[in-house]
Amino acid sequence: MTSLGGSSTVEISAARIWAVVVNWNGGADDNLRCLRSLVEQGIEPARIVFVDNASEDGSRDAVHAAVPGLERVDNDANLGFGEAANQGARRALERGADGVLFVINDLLVPDDEPAIERLARALAGDDRLGFVGPRVLFGDGTERVWCAGGRLDHRQNVSTLLGNGAPDAARWRTTFDVDYVAGCARLCRAGARRGVGHIEASYFAYMEDVELGLRARRAGWAVRTVGEVRAYHAPSSATGGGYGARRKWMQGLNSVRFLRKHGGAREWARFALFDVATLPAVAAVRALRGEGRAALAKGVGIWDGLRGRRVTAERLRPGGSWLWR
């Protein structure tokens, strides 16, 4: 139990933190590294909900053979990250979790610091605090920041990952409030999860973390990056990685879905100026790098969003669009 400043005493026990790991064709090696890192951090397998979205690469069976005792949810179809995360959270809260740590299946928490305990202490220290996350570094050994939380700025992709691509410098190793914590590594207080509600599953993947952060702050919860804690992530590995066509299509479509729900005239104008109007120039530059198809997919996604379409598992399959194999 911890009490800081004028906050009321709040009990958040690291021993009652549950983890939710979502997998869709994430490969056995990445999943096992992720799960083992969580166990080394003190989260026993019985407090890890492993949600598999009908993977076809053998990763689900490999995980259950190598890490027995996991709380498992095996879906018969790819329900998307949001709904799978909701399934895991419901299971954890039913079991009495104080907090739920949402983890993407390629996240690695290093064993040289008590990362999850530190995140739990951050929640315990401020009863206004609903969501925390570490600074997340690229998992390629370059010690560059993938994100230290995010800011909602209604520019390209509507939001900005703070520190993205920057060297892992002291400025990112501090604690500060943010607009949202990325879904790849987010610890949620049980009370905030119940108060704010579920992740908006209709996004399927991408932008659901931005929307959750917005709803949390509107409900009076603080959202914070605990930059003294670090984790490693290989972004977008399940959808092709990097600047890929599937990923950019989903970002374009879901940026528009977000604006349709939460944007006013000013937000739409900023998006049109900073994202839509610059897309031809971005596409020209990306084409020179061999990434023209991905840039085009972003434009198609924006158009699909304006037409009210949604991301679906069928569209993401190989051959689901002429833009990707």
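The values are calculated or read from the model by the stated rules, or taken from the named source; none is laboratory data. Please read all numbers here as calculations on a predicted model, not as lab measurements. Virtual Cβ from ideal backbone geometry, glycine too; neighbours counted across all protein chains shown. Ligands, DNA and RNA are excluded from the accessible area calculation, which covers all protein heavy atoms including side chains. Shrake-Rupley method; radii C 1.70, N 1.55, O 1.52, S 1.80 Å.
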Worksheet item: For Asp127, which sequence-distant residues (separation of 5 or more, or a different chain) have an amide H within less than 5 Å of its own amide H, given hydrogens modelled in the peptide plane?
Response: Ser8
Worksheet item: Which option, [x] 22.4; [y] 20.0; [z] 21.0, is the value of Kirkwood radius over Cα pairs in Å that was calculated from these coordinates?
Response: [y]
Item to complete: Describe numerically, in nm with one decimal, the distance between label points set 7 Å from Cα along Cα→Cβ at Ala313 and at Ala65.
Response: 2.3
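Give, in nm to one decimal, the length gained when the segment between Arg151 and Glu40 is fully stretched (0.36 nm per residue of separation minus the Cα-Cα distance). Can you show the working numbers first?
On the way: separation 111, 0.36 × 111 = 39.96 nm, distance 3.15 nm.
Here the answer is 36.8 nm.
So how much slack lies between Leu306 and Arg293, counting 0.36 nm per residue of separation and subtracting their Cα-Cα distance, in nm?
Details: separation 13, 0.36 × 13 = 4.68 nm, distance 2.00 nm.
Length difference between fully extended and current span is 2.7 nm.
Using only DSSP helix segments of four residues or longer, with each worth -39500 (n - 2.57), what per-residue ellipticity at 222 nm results for the chain after dividing by its residue count and rounding to 500? Walk me through the intermediate numbers first.
Values: 11 runs with 118 residues, N = 325.
My calculation for the chain gives -11000 deg cm²/dmol from helical runs alone.
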Response to the item:
Share of accessible surface on carbon and sulfur in the chain, whole %, 1.4 Å probe and ligands ignored, is 51
Worksheet item: Given q = 0.13, 0.18 Å⁻¹, what are the Debye log10 I(q)/I(0) values for region 132-267, with equal point scatterers placed on the Cα positions and solvent ignored?
Response: -0.55, -1.07
Worksheet item: Measuring with a 1.4 Å probe in the full set of protein chains, what accessible area per residue, in whole Å², belongs to the chain?
Response: 42
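Name the longest site-free stretch of the chain, where the excluded sites are GluC sites (Glu not before Pro) in a DSSP loop with no more than 16 other beta-carbon atoms within 10 Å.
Numbers: sites that count: Glu11, Glu56, Glu143.
By the stated rule (loop sites, at most 16 other Cβ atoms within 10 Å), 144-325.
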Worksheet item: Roughly how many nanometres apart are two label points built 7 Å out from the Cα toward the Cβ at Arg218 and Arg173?
Response: 3.8
Fill in: Sites Glu113 and Arg72, calculated FRET efficiency, Cβ-Cβ separation with R0 25 Å, nearest 0.05
0.30
